[in-house]
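Written below as structure tokens is the structure these notes are about.
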Amino acid sequence: MIFLTSCSSLSPSTFSEKKYVGKLSLSQNNKVSNFTVRIVVFYEDLIIQVSKPFLGNLIKIKFNPYEGFSSYSETINLDLSVFKNANKKEYANFFYSCFDILSPSQNLFILDKNDFQLRCEFEEVDVFSFSFKAFNDLTINGALKRE
């Protein structure tokens with residue numbers, strides 16, 4: 001399971017953050033769990049909050065192109081080692097493509113590594129689907145809508 005958060009602030013006049021909300025489904029070892037996800041994209045930080053109704057925030061993951069991934073959770077022990085198979089620049093390009101370039105004419109972006117595949121796909125204006133497939137039987141699928 002993988003997702004991120006952290007507090008970050010930038011001057012609103014410098015960069016207007018983008019906010020997305022959606023649902024994701026995590027499948028591993030024939031078990032499926034559904035979650036709510038909220039993503040805030042700042043100029044240099046991507047913050048992902050994963051929660052479940054009645055349980056609240058479960059995990060927060062932050063990505064920064066200079067520092068990479070970090071996570072925080074009081075309830076889940078998260079192993080981000082699968083994400084070490086791609087470099088920070090590859091992730092930064094993938095996230096930039098999904099949150100800034102995705103459109104009807106450029107409707108699919110994929111980051112494909114030996115151990116996993118990340119993809120985002122245009123669905124309609126301000127809506128895209130995403131998936132993460134690790135070759136250890138972990139799959140995450142979902143959709144995000146811009147607020």
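The residues listed here are 145, 113, 133; of these, the one that is under 14 Å from the mean Cα position of the chain (by Cα) and over 23 Å from residue 42 (Cβ atoms) is 133.
Just give me the residues in segment 94-112 being closer than 18 Å to residue 61 by Cβ and without any contact (Cβ under 8 Å) to a residue 60 or more places away in the chain, in sequence order.
Step one: list which residues in segment 94-112 are closer than 18 Å to residue 61 by Cβ, which gives 94-96, 98-99, 111.
Answer for segment 94-112, where residues must be closer than 18 Å to residue 61 by Cβ and without any contact (Cβ under 8 Å) to a residue 60 or more places away in the chain: 94, 95, 96, 98, 111.
When residue 137 is tested against (1) without any contact (Cβ under 8 Å) to a residue 40 or more places away in the chain; (2) on the phi > 0 side of the Ramachandran plot, only condition (1) is not met.
Of the residues 71, 51, 27, which is surrounded by 12 or more Cβ atoms within 10 Å (Cβ to Cβ), touching a Lys or Arg at 6+ places or on another chain (Cβ under 7 Å) and assigned to a strand (DSSP E or B)?
On the way: 51 fails: touching a Lys or Arg at 6+ places or on another chain (Cβ under 7 Å); 27 fails: touching a Lys or Arg at 6+ places or on another chain (Cβ under 7 Å).
Answer to the selection: 71.
Every number here is computed from the coordinates shown, using simple stated rules; none is lab data. Just so it is clear, the model here is predicted, and its values are computed rather than measured. When we count neighbours, we look across all protein chains shown, and the Cβ atoms used for this are built from the backbone with ideal geometry, even at glycine.
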